[in-house]
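A short worksheet on the structure shown next.
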Amino acid sequence: MRRIDIKSPAIAPPQRVRDRLLVAIVLVHLVSPPAGAADRPETNVSFRNDVMAVLSKAGCNMGVCHGNKFGKGGFKLSLRGENPNWDFSVLSRDLNGRRVNPLEPDASLMLLKATMQVPHEGSRRFKIKSQEYDILRHWIASDTPSDTPETPALKELVVAPRDVVLVEPVDQVQLAVEAVFADGSRRDVKGLAVYDPSNQLAEVGHDGLVQRHGVGTTTVIVRYLGRQAPVRVAFVPARPDFVWRGPAPANFIDEFVFARLKELRINPSLSASDTVFLRRAFLDLLGILPTADEARQFVNDARSDKRARLIDELLERPEFADAWALKWSDLLRVEEKTLDRKGVQNFHAWIRGSIARDKPLDQFARELIAARGSTYRDPAANFYRAMREPFMRAESTAQVFLGVRLQCSKCHNHPFDRWTQDDYYNWANLFARVDYRVVENRRRDTNDSHEFDGEQIVVMAREGDVKDPRTDKPAAARFLGHDTVNLPSDSDRLLALSEWLASSSNKLFVETLANRIWYHLLGQGIVDPIDDFRATNPPVNPQLLEALSGELVSHNFSLRHLVRTIMNSQVYQLSSVANDTNRDDEVHFSRAKAQMLPAEQRADAMAQVTGVSLKFAGYPEGLRAGELPGVAAVRDRDRESRPTLADVFLQEFGKPPRLQSCECERSSEPTLSQTLRSVSGPFVADLLRRRDNRLQKLIDSGRPTYELIDDLYWVALSRAATPEERQASAAHVDSQSDRRPGLEDVLWALMNSKEFLFRR
Amino acid sequence: MARRALLRAGGAGLLGLSWPQILRAQEQAAKEQKPSLPAKAKSVVFLYQFGGPSHVDMFDMKPDAPDGVCSRFDQISTSLPGLEICDQLPETAKVMDKVTLVRTVYHTMKNHNSASYYALTGHAPPLDDIRLRDSVELFPAYGSVVDRLAPLAGSMPTFVAYPYVIRDGAITPGQHASFLGKKHDPFLITEDPNSSSFKLPELSLPANLSAERLDKRREIQKLINRQTEAAEQTATAAGLDAYYDRTLAMLSSPAVRNAFDLSAEPDGVRRKYGRTTYGQGCLLARRLVEAGVKFVNVYFSSNIGGQSTSDGGWDTHGFNNTFMYPILKARHLPLTEHTLPVFLNDLDERGLLETTLVVWMGEFGRTPKLNSQTSRDHWPQCYTVLLAGGGVKRGYVHGRSDRQGAFPDRDGVPIEDLSATMFALLGIDPATELLDRLNRPLPISSGRAVAGVMA
């Protein structure tokens, strides 16, 4: 029998435990007011179902509050209530007897603090006599009971509505939240559920009333105990005069996107100009700018199908394979330190070749996942050479091919997803038997276990398992989210995995691929981030994602086909200039997304415009940044050769080191130091000042200044200079005896203009 | 509410918003983030002693320890009654009444890069890896966190680091913004502040580029930008303009250039700090603190060193028949002696020490037992960190190590607690959460501020 401490001076400590209990029971009846408890019989307060819900509802167990590793103010709860057993013992076995006081429940510190009757750093969490208060109070007054075996577990959380469009003047919606328990009982828990809106467009009241704060879309995550459900809410302005002005759909993509836009009373932007479309297509497909001639030709082409023709032409150019090999190489860790230079060359050539030949993407994935053999002769084996341990392989494979971020569930059940620690270790175990026969290792730094230089054979060991650290026993081997299959111990796990994973019947795989391709062309995923598929991160347009996936499957996983389909849609060809109805929309694809050029594109564009070739250490002059197979062939500590200005430029402007399997590793945000380098740095200065650059050739041609200016505008911006630009630029050039410095200034301005720096 | 806002930013990231949106949400959260604690320190100068100084030969000597453990140096009394330190540091001994020695800092990382990452970020590395690879999975430098949560307004950078990028075989992680994004990277200087031609290439225009010419360029650039103004509504595009403005302001602002201009210091002051890279680095730190910079990382050396009397850090194993004592005596101790007390006194005399936290630390201490070369190896289990100013007690010793200086005997301070202390002194709640690249909310420190060292 548990000891009850009575610290309150108002009550004299009885002599024997028995007496104390008696007093306790009597007191419960004396001091428990019936008010507030009318809808719930007192005996029914469950720790797991009620008290735990209150701890979350009041925010007590947040990471910055008592859910912190050390708790706060000497009081620690499990983070977000992930460990009810811990919380129970903390609250019920309260040693100093002040936090919970069954004999005088209202004097319990946890109630006094939470209601700010005594000072509380975390401010007031709920009011006296509120539902939260009553639940805690009853539980305390009932002497902090644990749940009986009969207490039913939560089975399901039913939330309605799940997807709602609110048109002005309607500016709020009440959510219904019902908990379904194992015994079939149902309870309205809207007052105990936690509501987290994804942005500041909405505020959700205590009992689930969603109130509009702005125009746009928000997702409210409704959480109760361990369950959560997303609710998508769109707030639409009345726009009584709204008239749909979108173009006629060119294909199914437009149908799905426009349908959603109509619902939201959003008009898409106008179609992009030829110049903008041309640059966009070149950058997205080839990673380079059109030349001045290509630009003039396209703009002057009068044929109505010239955009479709351009797309077809570009898809067949070799730079297409370069540009898309770069994207995959980022994800597949094509990096010199671990793969060595030859491995990088071979792996990159394999990836590039796969894209050049339009190898079906499911086959591409299967070959990677089942890869083995010499990293020199069987280049796909570098997939595993780059990832030296099972957890890394497991996390990366899930992220790249299933769009799932499992990292959280290594240490605790995923807080926002269904993945458990069991899932994590069972999945990781599939990758446990990858082993390496190191034929040779000529690494220069013998202390560096990450450095390899020489051939390796990736082999599959006959046995070996990942251990589940909680049990210290081998984990099972299971496909993710596929509970029925536990692979036999002697099977070739990765062969089996490659067949299961890279298949048209694997929805997550197909959707992840389709979404990834969409992201590379539209700048934003339908599920975004693109490697974060989960129930609480729903697609913004589920029908569109489904249709794209279907298109991918029905066309044999052809990258080119899906790219062509997307680029021929009206949606892809929209301008980035907003109109009055889509100004606030950033997620429904109502206008193109302007983005800074990534490092490689920026360097290559500058080289192209200045008419010089770049030099990267370890490669022949003239190789474009977009063609580089790896990260850097020469490291800055190497003695025989130093990184060049171009190498340093790529690093500074965010080329990823390829140590992660995530698009997020690439840094695309502008920084102060980048701007400093653009203004006064040596790389840009060198391009402008070289005697063999485009400027010198223009000057040597002896043509009049305004013609030279026009040429530079076509080269840099794929358009003629406006009269104002032509006049101002020419005046500046001609104001000096030597035209060269003036032209350098104009070219600098062109290469630092937003029109140049953004893909729009 | 600020805390909730941060959490909400976390939710936003998880719900499929684009990066700029997340960043904006974070920005918003950062704005709402009110320091929940009173800031005692306005600035931190982090003097990083790469290689690992020997605590038992400097600030935690054990004269009664047996031969083979006991230091070959003698001890002297200091300005703090009862405290004795190494006899090679008589000037340093005179400022012991101004500092707090924490004698029981500990962790478990035995390799330079993993331990340095721990020391530079306050976060345990995933493994004790001699060539721990720098990646965006790892935690940002302290200064980058400060730049993210409590940035300076105006043209001065919040976080400045120099005069090296430190490395041991590979670049040591923990020196930059990592998952916070490049815009929170330190303003990095790799020029030698002791060089007569010391100036910042980033803040100097190339010879052929006059200020007028730069203005002209900017003028044409703006003209081009005006042609497509309607298209440039994104936050990134607007932000880019701000960067160009700020860049030009830095290039033309005397305040910024002046802060970095060591030639503005009287010769006497420069000599007092010592005409060494480290000495002038400390002098530069004082100028930067005066200009308001919030976090300055000064690296003692670019590498772990320990085998030379003219170069390198504190890693005095005695390898290749180099011996610790003569090297310490010829290089590290005199350099410390001619710099640290000068720096602390200068700050104090200018009234800056009250609001400037100085942290002097390495990645670990050294083995209490002398090795066969009469030198010492790596020892993270217990070592000494020197703190001064910025809300830390004057003249105080925190914690006690055991009889050999091998393990904490009383008041052990896990290295995480040191980071929590630093953030708390800056007025930043150590439990504040940041989002990593996978949008996981992670606390900036997993330690607890050490109340005992606070004034």
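Where a number appears in this text, it was derived from the coordinates with a stated rule and is not lab data. Just so we're clear, the structure is a prediction, and the values are computed from it rather than from any experiment. A quick note on method: Cβ atoms are made from the backbone with ideal geometry, for glycine too, and the neighbour counts reach across all protein chains shown.
A compact table of results
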read-out: Cα shape, region B:303-413, gyration tensor, a/c 1.5 rule; value: oblate
read-out: Low-density loop positions, trypsin sites (Lys or Arg not before Pro), region A:674-715 - DSSP coil, at most 10 other Cβ in 10 Å; value: A:691
read-out: Dipole magnitude of the protein assembly as shown about its Cα centre (Cβ charges: Lys, Arg +1; Asp, Glu -1), debye to nearest 20; value: 1220
read-out: Extreme residue, positive dipole direction of the protein assembly as shown, given options A:175, A:491, A:668 (C-beta unit charges); value: A:175
read-out: Positive-end extreme of charge dipole, chain A - chosen from A:289, A:659, A:391 (charges on Cβ); value: A:391
read-out: Overall dimensions of region B:169-328 by Cα: Rg and Dmax, Å; value: 21.1, 70
read-out: Residue order, fewest to most beta carbons within 10 Å, for A:167, A:733, A:438; value: A:438, A:167, A:733
read-out: Cα gyration tensor category, rounded, prolate or oblate, for chain B with a/c compared to 1.5; value: prolate
read-out: Electrostatic dipole magnitude of region A:422-465 [Cβ: Lys, Arg +1; Asp, Glu -1; Cα centre; debye, to 20]; value: 220
read-out: Convex hull volume of region B:77-175 per residue (C-alpha atoms, cubic angstrom); value: 171
read-out: Exposure proxy order (Cβ contacts within 10 Å, fewest to most) of A:397, A:217, B:234; value: B:234, A:217, A:397
read-out: Residues in region B:315-358 reached by a label modelled at residue B:374 [backbone nitrogen below 15 Å; 7 Å Cα→Cβ]; value: B:317-319, B:321-330
read-out: Computed FRET value (nearest 0.05) for residue A:309 with residue A:727, which takes r as the C-beta separation and R₀ as 35 Å; value: 0.45
read-out: Selected from B:361, B:344, B:439, residue furthest toward positive end of dipole (region B:307-455; charges at beta carbon); value: B:361
read-out: Paramagnetic reach from residue B:94 in region B:258-285 [backbone N under 14 Å; point 7 Å along Cα→Cβ]; value: B:272-273
read-out: Gyration tensor verdict on region A:174-291 (Cα atoms; rounded if a/c is under 1.5, prolate if a/b is larger than b/c, oblate otherwise); value: prolate
read-out: Interchain or long-range residues, amide H under 5 Å from residue B:392's placed H; value: B:455
read-out: Simple label model, 7 Å out from Cα along Cβ direction - residue B:411 to residue A:93, nm; value: 3.2
read-out: Residue A:460 versus residue A:167: modelled label distance in nm, points set 7 Å from Cα along the beta carbon direction; value: 5.8
read-out: Semi-axis lengths, Å, region A:650-701, gyration tensor of Cα atoms, sqrt of 5 times eigenvalues; value: 32, 13, 8
read-out: Charge dipole magnitude, Cβ of K and R +1, D and E -1 - region A:660-754, Cα centre, debye nearest 20; value: 180
read-out: Kyte-Doolittle mean at least 0.5 and Cα axial length at least 20 Å: DSSP H helices in chain A; value: A:17-31
read-out: Å³ per residue enclosed by the Cα convex hull of region A:63-119; value: 86
read-out: 20 Å cut-off, amide nitrogen to a point 7 angstrom out along residue A:442 Cα→Cβ, residues in region A:581-620; value: A:617-620
read-out: Per-bin percent of Cα-Cα distances, the protein assembly as shown [20 Å]; value: 10, 35, 38, 15, 1, 0
read-out: Ranked A:401, A:758, criterion: other C-beta atoms within 10 Å, fewest first; value: A:758, A:401
